[in-house]
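**Student:** I am attaching a structure below and will ask some questions about it afterwards.
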Amino acid sequence: MKKKLFSLLVIFLCCIHIENLYAQTFDNGVSSADNSVTLQEIHSSSFSVSTNKTFHLIFPNEVKYFSIGDENVAGEKIDAYPCAIRLKSVVPSFEGLTNMSVVTADGQYYSYNILFAQELLETYLQVGKDYKQPPVIAVNDNQQSHLIFPEKIIYVDYGTTDVEVVKASGVDNIVAVRASAAFDQQTNVTVITHSGKFYTFNLEFAEKPSRLSFVVDPAANVANKRVALLDNKELNSVQRENLRKEINSRFQSLNKFYKDYAGIRFAITNIFIDKDILFFKFKLTNYSNIDYVPDFVRFYIQDSKIRKKTAIQQIEQTPLFFFDLPERVSAHETKSFTAAMNKFTIPDKKKLIIEMQELGGGRHFIYKLDNEPIISAEILNPGAKEKSLLPPKQVFY
């Protein structure tokens, strides 16, 4: 019994000694676990969005990640210029604010607060640069205004469908702007050129605009005497006729791309490529007893699925010219026509939308085409046959 008590006493004294050693160690600062955490808040800048104008965020480096706090604001990274994000409100108005976070390729993190405004005082935020108030351009619905830029255009955006904005056919540096109808609130148009230069303009409706054509940033192109930069895809009348004959001589190669509606079949029969021009051949078959009169054919690239948080962006693909575009397809008649466009491919998760509407009627077609048939386009070379008919070159000794 005495031995057990003695053993317990020794253990007790050892524990006290060890505890004193630990206490001395902590007091001397030799080893101590520090569980405190320091937080440093990141400053958030603020900007506003609206439904009438597109707001652009421009960064010094490519955007790698961004997130928006709620679904009242839609944002999209610009494919042609990945250093920028376009933003709009998807609701007529919202109260309070939401937030946005952005990470760029150089590892920088940006934080923003977003508010709603009926009329934007500022339409862009360019990191590291001061804001400059955009010029105001008057437009109307029976005249086109033209903006001539110093270099090739790679991106165009317009705030609302109150205006129509298209790239001038056969020219790389000119856009044409026209109002769809009279409108009350200002909207805007934004252009980015090949070197990454950012331009934006406010648009307002006017019955009689005093000026219709503008050279943008003339000092940037003072050395170049040419105002218009041709895309070198213009064809003379003989070349066009040779292409038309070659296209019409080819048999149909696409059999699955068609839509039937109200007695009309709209079909894509061939896609050809010749140098830098794509040719889409269509066939309209009227099985009904009522003539079909086409109003217009429109081409644009759009997201395959429209999500709430994504701003809907339609990238227009303006035809260079048409072959045999019919003014009327009579009852029980079939007609073919071809649209020529500058060469393009479709980005991932997007589709080419082909829209054809009937004049004064309701037989409208919207066809969504993915990238596969475009990248598999048939090679069209009408000059090859002509060359093969030439006699062999004579060699003189």
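**Student:** Please find, among Ile58, Ile78, the residue that is at pLDDT 95 or above, assigned by TED's automatic domain parsing to the domain that holds Thr123 and of a type in the set (Val, Ile, Thr).
**Tutor:** Going through Ile58, Ile78 in turn, the sole match is Ile58.
**Student:** Of the numbered conditions (1) loosely packed, with under 15 Cβ neighbours inside 10 Å; (2) modelled with pLDDT of 90 or more, Leu203 fails exactly one; give the number of that condition.
**Tutor:** For Leu203, the failing item is (1).
**Student:** Does region 298-309 contain at least one residue that is at pLDDT 90 or above and not hydroxyl-bearing (Ser, Thr, Tyr)?
**Tutor:** Within region 298-309, one or more residues are at pLDDT 90 or above and not hydroxyl-bearing (Ser, Thr, Tyr).
**Student:** On the basis of being in contact with a Lys or Arg (Cβ under 6 Å, 6 or more places away or on another chain) and closer than 30 Å to Ala340 by Cα, does Val171 make the cut?
**Tutor:** No.
**Student:** Being of a type outside the set (A, V, I, L, M, F, W, C) and more than 24 Å from the chain's Cα centre (by Cα) is the filter here, so list the residues in region 90-105 that pass it.
**Tutor:** Matches in region 90-105: Ser93, Glu95, Gly96, Thr98.
**Student:** For Leu87, which of the numbered conditions (1) more than 21 Å from the chain's Cα centre (by Cα); (2) buried (at least 16 other Cβ atoms within 10 Å of the Cβ); (3) not β-branched (Val, Ile, Thr) fails to hold?
**Tutor:** (1)
Each row is one residue, and each column tells you yes or no for (1) touching a residue at least 60 places away in the same chain (Cβ under 8 Å); (2) within 22 Å of Asp157 (Cβ to Cβ); (3) outside the structural domain of Asp370 (by TED's automatic domain parsing); (4) in contact with a strand residue (DSSP E or B) (Cβ under 9 Å, 6 or more places away or on another chain).
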{"residue": "Ser288", "(1), (2), (3), (4)": "no, no, no, yes"}
{"residue": "Asp303", "(1), (2), (3), (4)": "no, yes, no, yes"}
{"residue": "Pro319", "(1), (2), (3), (4)": "yes, yes, no, yes"}
{"residue": "Phe323", "(1), (2), (3), (4)": "yes, no, no, yes"}
{"residue": "Arg328", "(1), (2), (3), (4)": "no, no, no, yes"}
{"residue": "Phe337", "(1), (2), (3), (4)": "no, no, no, yes"}
{"residue": "Asp348", "(1), (2), (3), (4)": "no, yes, no, no"}
{"residue": "Met356", "(1), (2), (3), (4)": "yes, no, no, yes"}
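**Student:** Would region 235-254 turn up any residue that is modelled with pLDDT under 90, under 17 Å from Val171 (Cβ atoms) and acidic (Asp, Glu)?
**Tutor:** Within region 235-254, not a single residue is modelled with pLDDT under 90, under 17 Å from Val171 (Cβ atoms) and acidic (Asp, Glu).
The values are calculated or read from the model by the stated rules, or taken from the named source; none is laboratory data. It should be emphasised that the depicted structure is a prediction, and the values quoted were computed from it without experimental measurement. With ideal geometry, Cβ positions are generated from the backbone for all residues, glycine too; neighbour counts draw on all protein chains shown.
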